[in-house]
Amino acid sequence: MNGRHKILIVDDEPDILDSLALSLDMDYNVLTAEGGVEGLALLEAHEIALIISDQRMPTMMGVEFLERSEKIAPQAIRIMLTGFSDFDAIVEAINKGKIHQYISKPWEPRQLEMDIRRAIEHYEIQVDLKRRMDELEALCEIGRTITSELDPERVIQKVLDGVVDTLGFDRSFLMQVDHEAGVLRGCGASGVAAEDREFVLRLQYDLTQYDIAPVVTVKENLPILVKNVDAGPISLDKALVQHLGIRSFVSVPLQVGEQGIGVLVAGRENPEEQVTEHDQRLLVGFADQAAIALENARLYGEALEKQRLEKEAAVAGRIQKYLLPEELPDISGFQIARVSRPSRWVSGDYYDVVADGKDRIWIAVGDVVGKGMQAALTMATLRALFLSEVEHEASLPAMMTRISQGLFRATAPEVFATFCFGVIDSDRGLFRFVNAGHPLPILARSDGTVIELEGAGFPAGMDPVLWAGTEYLEQQVSLSAGDVLALFSDGVTEAGVGNSEDCELFGEDRLMDAIQEARPRGAEAVKDAVCAAVDRFAGTPSSDDDLTLVVVEAL
């Protein structure tokens, strides 16, 4: 602490005042008063470390003065000068805790010097203890404040305001690590003008910039103290120094476990009030609390987002439930089985089986981009477009073209769907279909042959400019008794991604084998055999994708 502490000497004898002041003036700033009233006035105007008072004074005795001085300067150490005749007053003052020590007259100069030095040391210990207690209380209070907040932005601002308002720095700012992008980004400031705060919010450092103090702080997980921004071996960039107007600063890491999540920087603008090692220790202690508060807010935000997504998924699941057929229509000469298993709450797959009242059955299978609510709404749009085209029957390629264009107009540019639909004509024993980028149907004949049908085209909902000049093509295949036709999503053939050790896909060959093996037992048996084969190959659940399968058996 500063060695030039202020000492107040109160005595009604000018010679004693002059003698004491002369002997102490080399080491202390000495103030003198010839009575208690004048002494109290000086206490009001100055921060006094030590009070030396005579006991016997006119108007106000020393014991009364020292008792009243305690209310003005409670941390000041009090020494009484007195003769033996004042013993009872001394005992009373000591018992009341009003004086630290008494010195009898006449005193020995060397002993008095030692007593004063010990009193000043006692004052320094007392002041340092109080400062530490105040700082601890301040840290606890800031900790309670920031940890009670769960909104990330408000946590950051409370952290920064606490650094300025409670810890006594002039400026503070905080940057967080974006590990994926490999950068350090500014996310808040305190003690600065609005335009300077905006500058900090735009601030970004690449984590390879080892010439910038905040980056080194994060990368090395070590605090950095710079007492002069113009003279340190490492500092802040000049633009930031100019905006913040700081001349010294301390930069401390924000750490959660083994991972650095950011950096907290605090500085002072007055060159004569540089940051100190004590400031650094104080900020390091606070940064530990700040990191915990930031991590809690992040985890809380993730929990809220998860809850929101689950609610959205539940709503989307209910929407999707009403989009898929609950019961399948009957069609003379054919048996149909189907299954649709979402990988999560909501499937991106769509299928439909629709009777048009003309002894024909329309079958559709699609896979829309995305998951959750977007997938459910896209599916609803696709289904509405498909049913509208079935009602106003035209050529299959024309129907698919209008479905694709309608989906493009009704959804965002990045949204599309693979889609395959066709119609079973029971009178003629034909299946006519058109495909828009979807996996091709597989046909298993009663004679044991298994083939993948032909047909291609751009996915539905793609920008028409991309596929201008190309057309969808209608394909047809005859269906005889014992034949089995399978329409499916890529969740069947691509099962195994990320599950099997060699990342091998289930693929078309295994699908064909499963269909052919179960074909003699009918559509339901084929459906069950395919699902079982997929699960055996990839495990249960079978994959990270949705699985949809529609099986048509000709009787």
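Examine the range 193-211 for a residue that is in contact with an Asp or Glu (Cβ under 7 Å, 6 or more places away or on another chain) and either in the same structural domain as G267 (by TED's automatic domain parsing) or not charged (D, E, K, R) (or both), and state whether such a residue exists.
No - not one qualifying residue is present in the range 193-211.
Which condition from (1) loosely packed, with under 15 Cβ neighbours inside 10 Å; (2) among the aliphatic types (A, V, I, L, M); (3) touching a residue at least 40 places away in the same chain (Cβ under 8 Å) is the one that L466 breaks?
If we test L466 against (1) loosely packed, with under 15 Cβ neighbours inside 10 Å; (2) among the aliphatic types (A, V, I, L, M); (3) touching a residue at least 40 places away in the same chain (Cβ under 8 Å), just (3) comes out false.
Check P214 against each of (1) surrounded by fewer than 22 Cβ atoms within 10 Å (Cβ to Cβ); (2) of a type outside the set (K, R); (3) touching a Phe, Trp or Tyr at 6+ places or on another chain (Cβ under 8 Å) and name the one condition it does not meet.
(1)
Working carefully through the options R281, R308, find the one that is surrounded by 14 or more Cβ atoms within 10 Å (Cβ to Cβ), without any contact (Cβ under 8 Å) to a residue 40 or more places away in the chain, in a helix (DSSP H, G or I) and basic (K, R).
One residue alone meets the criteria, R281.
Are there any pairs, at least 6 apart or on different chains, whose C-beta atoms fall under 7 Å, with the first in the range 383-397 and under 15 Å from G461 (Cα atoms) and the second assigned to a helix (DSSP H, G or I) and not acidic (D, E), and if so, which?
Note: pairs meeting the criteria are R383/L323; L385/I403; L385/G406; L385/L407; F386/I403.
Would you confirm whether any residue within the range 259-275 is loosely packed, with under 15 Cβ neighbours inside 10 Å, of a type outside the set (G, A, S), outside any loop (DSSP other than H, G, I, E, B) and under 19 Å from the mean Cα position of the chain (by Cα)?
Within the range 259-275 (the criterion being loosely packed, with under 15 Cβ neighbours inside 10 Å, of a type outside the set (G, A, S), outside any loop (DSSP other than H, G, I, E, B) and under 19 Å from the mean Cα position of the chain (by Cα)), the answer is yes, since at least one residue qualifies.
Quick one: V250 ticks every box in (1) more than 20 Å from A287 (Cα to Cα); (2) buried (at least 19 other Cβ atoms within 10 Å of the Cβ); (3) of a type in the set (A, V, I, L, M, F, W, C) except a single one, so which number is it?
So the condition that V250 fails would be (1).
For the range 421-439, state whether one or more residues are touching a strand residue (DSSP E or B) at 6+ places or on another chain (Cβ under 7 Å), modelled with pLDDT under 85 and of a type in the set (G, A, S).
Within the range 421-439, one or more residues are touching a strand residue (DSSP E or B) at 6+ places or on another chain (Cβ under 7 Å), modelled with pLDDT under 85 and of a type in the set (G, A, S).
What do you reckon, is L66 touching an Asp or Glu at 6+ places or on another chain (Cβ under 6 Å) and at pLDDT 80 or above?
no
Please enumerate the residues belonging to the range 224-261 that are in contact (Cβ under 8 Å) with a residue 40 or more places away in the chain, touching a helix residue (DSSP H, G or I) at 6+ places or on another chain (Cβ under 7 Å) and under 26 Å from E180 (Cα atoms).
L254, G260, I261
Looking at the range 373-384 only, could you name the residues that are hydrophobic (A, V, I, L, M, F, W, C) and either surrounded by fewer than 21 Cβ atoms within 10 Å (Cβ to Cβ) or not assigned by TED's automatic domain parsing to the domain that holds A460 (or both)?
M373, L377, A380, A384
Quick check on my filter: what residues within the range 396-417 are buried (at least 23 other Cβ atoms within 10 Å of the Cβ) and not hydrophobic (A, V, I, L, M, F, W, C)?
S404
Considering only the range 1-50, how many residues are in a helix (DSSP H, G or I), buried (at least 16 other Cβ atoms within 10 Å of the Cβ) and of a type in the set (A, V, I, L, M)?
So the answer is 7.
Of all the strands (runs of 3 or more DSSP E) wholly in the range 116-213, which have at least 3 residues that are modelled with pLDDT of 80 or more and farther than 18 Å from E295 by Cα?
183-190, 204-206
Are any of the residues in the range 191-205 buried (at least 18 other Cβ atoms within 10 Å of the Cβ), on the phi > 0 side of the Ramachandran plot and either of a type outside the set (D, E, K, R) or in contact with a Cys (Cβ under 6 Å, 6 or more places away or on another chain) (or both)?
Yes, that holds for at least one residue.
Sort through V354, V390 and tell me the only one that's at pLDDT 85 or above and part of a strand (DSSP E or B).
Just a single option satisfies the conditions, and that option is V354.
Check the range 231-242 and report whether any residue there is within 18 Å of D170 (Cα to Cα), in contact with a strand residue (DSSP E or B) (Cβ under 6 Å, 6 or more places away or on another chain) and among the aliphatic types (A, V, I, L, M).
No, the range 231-242 contains no residue that is within 18 Å of D170 (Cα to Cα), in contact with a strand residue (DSSP E or B) (Cβ under 6 Å, 6 or more places away or on another chain) and among the aliphatic types (A, V, I, L, M).
The values are calculated or read from the model by the stated rules, or taken from the named source; none is laboratory data. As the structure is a prediction and not an experimental result, all values here were calculated from the model. Cβ atoms come from the backbone with ideal geometry, glycine included; neighbour counts cover every protein chain shown.
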